[in-house]
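Take a look at the structure set out below.
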Amino acid sequence: MTTSPDSLSTPEQNFYGPCSRKIHIDGRLHPIRVAMREIELSKPYSFNGQTFTSLPLYDTSGPYSDPAAEIDPEKGLPCLRDEWHDARPGTEPSQKSPHRPMNGRTPLRGAEGSSVTQMHAARNGVVTPEMEYVAIRENQHLEEWMETSGSVRPPVTAEFVRDEVARGRAIIPANINHPELEPMIIGKNFRVKINANIGNSALGSSIDEEVEKAVWACRWGADTIMDLSTGSNIHQTREWILRNSPVPVGTVPIYQALEKVGGIAEELTWEIYRDTLIEQAEQGVDYFTIHAGVLQEYLPAATERMTGIVSRGGSIMAKWCKAHNRENFLYSRFDEICEILTAYDIAISIGDGLRPGSIADANDEAQFGELKTLGELTLRAWEQDVQVMIEGPGHVPMNLVAENMTKQQEYCHEAPFYTLGPLVTDIGAGYDHVNSAIGGTLLASLGCAMLCYVTPKEHLGLPNKDDVREGVIVHKLAAHAADLARHHPAAWLHDNIMSAARYSFAWDDQFNLSLDPARARKWREESSPEAGDKLNEERFCSMCGPDFCSMKKSREAAETRQK
């Protein structure tokens, strides 16, 4: 296959293969068109009385995989969601921040006394365009298969989405100032999602590099991205990422607030933090990680740990509390924070500032004490119709992973769980993406809603584009494995078609159905360079060769019996 150098506008065929095409499914309630990819199969596959000549796939790549799209990073993506909301009732142009987006759009906020959150709409019986969009998206255009396959999970309806959001069991992170995004949902009753962290540091990376990593993370399968920039040009970096991101973007606002006071935690104030929240809200950030559960009463237990406090945000607030001998202002001002979130429909990811950084510290007093506080804060956020998810650990040995899920659901009232890993051992340096995926698969199979990826550079350095690819693909594999364990019918169909393709030596289908088609194809070609154009006609691979291929011999035996 002919490929061209990677760029933001590289045709999707260079990664997904030539048999992939973009499709759109129209909504019935709202004027929406839900984007997906569809793989054309080389032969028909039949299961449970249905025959498939193509397979629709959930797609996070946005316009970047649409050959008809014109991509210009300096202009950003089209304002898709603005086309669904005429005049956006209940909002008004905002003058709370001097920010003016690079696309020329005027930032909006909820009018005085109005709530514009998805949770507010859901609790009032309203099915928003975003709710219908995610319902169609979750079904993957396989409603008939879901209804007839015998699965315990029926097709997702817009009403089901509304009910889950109203209950707080799911969130749709979608700031009214991020119209470029294609809505997605995070919750235990939906497919498992993954997040990719990007962002510069004081020691490296440019705006161009971070935008490129963000775009390719989406193309490789990231459901959300977090901009964790701590270096220079934080505002401008975030602006470019947001305008070019088709997926929700999260941040940790305390990082930029700290930069505003020269990196001195003791000089942070509520006013500086509040203004940072508003600045980012008007840019369009979809969810904030806020470490409001790091309380003074938990700090003594945290100081007794083997590795102390490993969360950057948690350590910043712990240092502030100790310096001022006062309670964490993110906790004491939490209701005011929620007022800001309500005005822009920003979800809160309540941070686990006391997560364990080593398996010796897993499931300790500090971690679970903070978790109980996160549950208290969840109820306070829900009082203002703010969407909530809860962040989780961290480093946890396999035998303690399940307890984290049980306690999170109990303490935090079934709010979605969003976890870093967990990493199940401390010796995985260089391979911590695999380490994280092991724990993440287990936790997601038990109900965790979203996994935060880890790259091979975890604990070692700032990830580059190749590291992002490794982290995304490995965690997509973990999420998919968890979907299988949770009886997701579309996930099972995907695997069944792949298995049938493997048994019939349909090599192109095997490449195209994999999570990394480009790598699968490349390694297959490298293994049999002498085969040339006849590579796909081979009925074996170089691992076993023509005389020891078990599937080849199994097929030959079956054909002999039939004769």
Residue pairs within 8 Å by beta carbon, gap of at least six or interchain, first lying in the range 431-444 and polar (S, T, N, Q), second open to solvent by less than 10 Å² (accessible area, probe 1.4 Å) and at pLDDT below 95, listed first then second, are Asn435/Gly421; Ser436/Gly421
Residue hits (the range 462-499; over 19 Å from the mean Cα position of the chain (by Cα) and buried (at least 20 other Cβ atoms within 10 Å of the Cβ)) are Pro489, Leu493, His494, Ile497
Filter the range 55-96 for residues that are buried (at least 16 other Cβ atoms within 10 Å of the Cβ), farther than 28 Å from Val126 by Cβ and small (Gly, Ala, Ser); the one that is nearest to the chain's Cα centre (by Cα) is Ser61
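Which members of the range 156-186 meet the condition of being part of a loop (DSSP other than H, G, I, E, B) and closer than 19 Å to Thr378 by Cβ?
To start, the set of residues in the range 156-186 that are part of a loop (DSSP other than H, G, I, E, B) comprises 156-157, 168-169, 172-185.
Of everything in the range 156-186, those that are part of a loop (DSSP other than H, G, I, E, B) and closer than 19 Å to Thr378 by Cβ turn out to be Gly168, Arg169, Ile172, Pro173, Ile185.
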Being touching a Leu at 6+ places or on another chain (Cβ under 7 Å) and not basic (Lys, Arg) is the requirement here; does Ile497 meet it?
yes
Pairs returned, first residue in the range 9-25 that is part of a loop (DSSP other than H, G, I, E, B), second residue that is at pLDDT below 95 and open to solvent by 40 Å² or more (accessible area, probe 1.4 Å), beta-carbon separation under 6 angstrom, 6 or more apart or interchain, are Ser9/Ile71; Pro11/Pro67
- Task: Might you check whether a residue that is closer than 30 Å to Tyr411 by Cβ, open to solvent by 10 Å² or more (accessible area, probe 1.4 Å) and in contact with a Pro (Cβ under 8 Å, 6 or more places away or on another chain) occurs anywhere in the range 163-186?
- Result: yes
Can you spot a residue in the range 200-209 that is surrounded by fewer than 24 Cβ atoms within 10 Å (Cβ to Cβ) and within 20 Å of Ile473 (Cα to Cα)?
-> yes
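What about Leu29, is it assigned to a strand (DSSP E or B) and more than 21 Å from the chain's Cα centre (by Cα)?
On the way: assigned to a strand (DSSP E or B): no; more than 21 Å from the chain's Cα centre (by Cα): yes.
Against the criterion (assigned to a strand (DSSP E or B) and more than 21 Å from the chain's Cα centre (by Cα)), Leu29 does not qualify.
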Taking the stated definitions as given, is Asp6 modelled with pLDDT of 95 or more, part of a loop (DSSP other than H, G, I, E, B), touching an Asp or Glu at 6+ places or on another chain (Cβ under 9 Å) and closer than 19 Å to Ala222 by Cα?
no
Checked Gly369, Gly428, Gly375, Gly353 against criteria (of a type outside the set (Asp, Glu), assigned to a loop (DSSP other than H, G, I, E, B) and farther than 21 Å from Thr441 by Cβ); the one match is Gly353
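Could you list, in sequence order, all residues of the range 103-119 that are open to solvent by 60 Å² or more (accessible area, probe 1.4 Å), closer than 19 Å to Asp82 by Cα and not β-branched (Val, Ile, Thr)? Steps first, answer last, please.
Of the residues in the range 103-119, the ones open to solvent by 60 Å² or more (accessible area, probe 1.4 Å) are 104, 106, 112-113.
Filter once more, so that each one left must be closer than 19 Å to Asp82 by Cα: 104, 106.
Within the range 103-119, just Gly104 meets the criteria.
Looking at the range 330-350 only, could you name the residues that are open to solvent by less than 10 Å² (accessible area, probe 1.4 Å) and in a helix (DSSP H, G or I)?
Our first condition is that a residue be open to solvent by less than 10 Å² (accessible area, probe 1.4 Å); within the range 330-350, this holds for 330, 334, 337-338, 341, 343-350.
Passing the criteria: Leu330, Phe334, Ile337, Cys338, Leu341, Ala343, Tyr344.
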Of the conditions (1) under 22 Å from Phe15 (Cβ atoms); (2) under 17 Å from the mean Cα position of the chain (by Cα), the single one that Asp208 does not satisfy is (2)
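Look at the range 501-556 and say how many of its residues are open to solvent by less than 40 Å² (accessible area, probe 1.4 Å) and assigned to a helix (DSSP H, G or I). Explain how you work it out, then say what you get.
Residues of the range 501-556 that are open to solvent by less than 40 Å² (accessible area, probe 1.4 Å), as a first pass: 501, 504-507, 509-514, 516-518, 520-521, 524, 528, 531, 535, 538, 545, 549.
From what is left, the residues that are assigned to a helix (DSSP H, G or I) are 501, 507, 509-513, 517-518, 520-521, 524, 531, 535, 545.
Qualifying residue count, the range 501-556: 15.
Answer with yes or no whether Arg561 is among the charged types (D, E, K, R), open to solvent by less than 50 Å² (accessible area, probe 1.4 Å) and either out of contact with any helix residue (DSSP H, G or I) (no Cβ under 9 Å at 6 or more places or on another chain) or not in a loop (DSSP other than H, G, I, E, B) (or both). Give the derivation first.
On the way: among the charged types (D, E, K, R): yes; open to solvent by less than 50 Å² (accessible area, probe 1.4 Å): no; either out of contact with any helix residue (DSSP H, G or I) (no Cβ under 9 Å at 6 or more places or on another chain) or not in a loop (DSSP other than H, G, I, E, B) (or both): yes.
The answer is no for Arg561.
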Of the residues in the range 409-440 that are open to solvent by 40 Å² or more (accessible area, probe 1.4 Å) and among the aliphatic types (A, V, I, L, M), the one that is farthest from Arg469 (Cα to Cα) is Ile427
The residue from Glu365, Glu403 that alone is touching a Phe, Trp or Tyr at 6+ places or on another chain (Cβ under 8 Å), open to solvent by 20 Å² or more (accessible area, probe 1.4 Å) and in contact (Cβ under 8 Å) with a residue 40 or more places away in the chain is Glu365
Report task. Check the range 269-282 and report whether any residue there is out of contact with any Ser or Thr (no Cβ under 9 Å at 6 or more places or on another chain) and of a type in the set (Lys, Arg). Result -> yes
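Kindly provide the set of residues from the range 39-51 that are surrounded by fewer than 19 Cβ atoms within 10 Å (Cβ to Cβ) and part of a strand (DSSP E or B), ordered by number. Outline the logic, then answer.
So in the range 39-51, the residues surrounded by fewer than 19 Cβ atoms within 10 Å (Cβ to Cβ) come out as 40, 42-44, 46-51.
Residues satisfying the conditions are Glu40, Ser42, Lys43, Pro44, Ser46, Phe47, Gln50, Thr51.
If only one of Glu130, Glu159, Glu143 is surrounded by 24 or more Cβ atoms within 10 Å (Cβ to Cβ), over 19 Å from Phe288 (Cα atoms) and of a type in the set (D, E, K, R), which one is it? Show your work before the answer.
Working: Glu159 fails: surrounded by 24 or more Cβ atoms within 10 Å (Cβ to Cβ); Glu143 fails: surrounded by 24 or more Cβ atoms within 10 Å (Cβ to Cβ).
Only one candidate passes the filter, namely Glu130.
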Of the residues in the range 470-515, those that are among the aromatic types (Phe, Trp, Tyr) and either free of Cβ contacts under 8 Å to residues at least 24 places away in the same chain or over 17 Å from Leu142 (Cβ atoms) (or both) come to Tyr503, Phe505, Trp507, Phe511
The correct count of residues that are part of a helix (DSSP H, G or I) and touching a residue at least 60 places away in the same chain (Cβ under 8 Å) in the range 98-137 is 9
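The values are calculated or read from the model by the stated rules, or taken from the named source; none is laboratory data. Owing to the predicted nature of the structure, the values given are computational and were not obtained by experimental measurement. Reconstructed Cβ throughout: ideal geometry from the backbone, glycine too, with neighbour counts over all protein chains shown. These area figures cover heavy atoms from the full protein model, side chains too; ligands, DNA and RNA do not enter into them. Shrake-Rupley method; radii C 1.70, N 1.55, O 1.52, S 1.80 Å.
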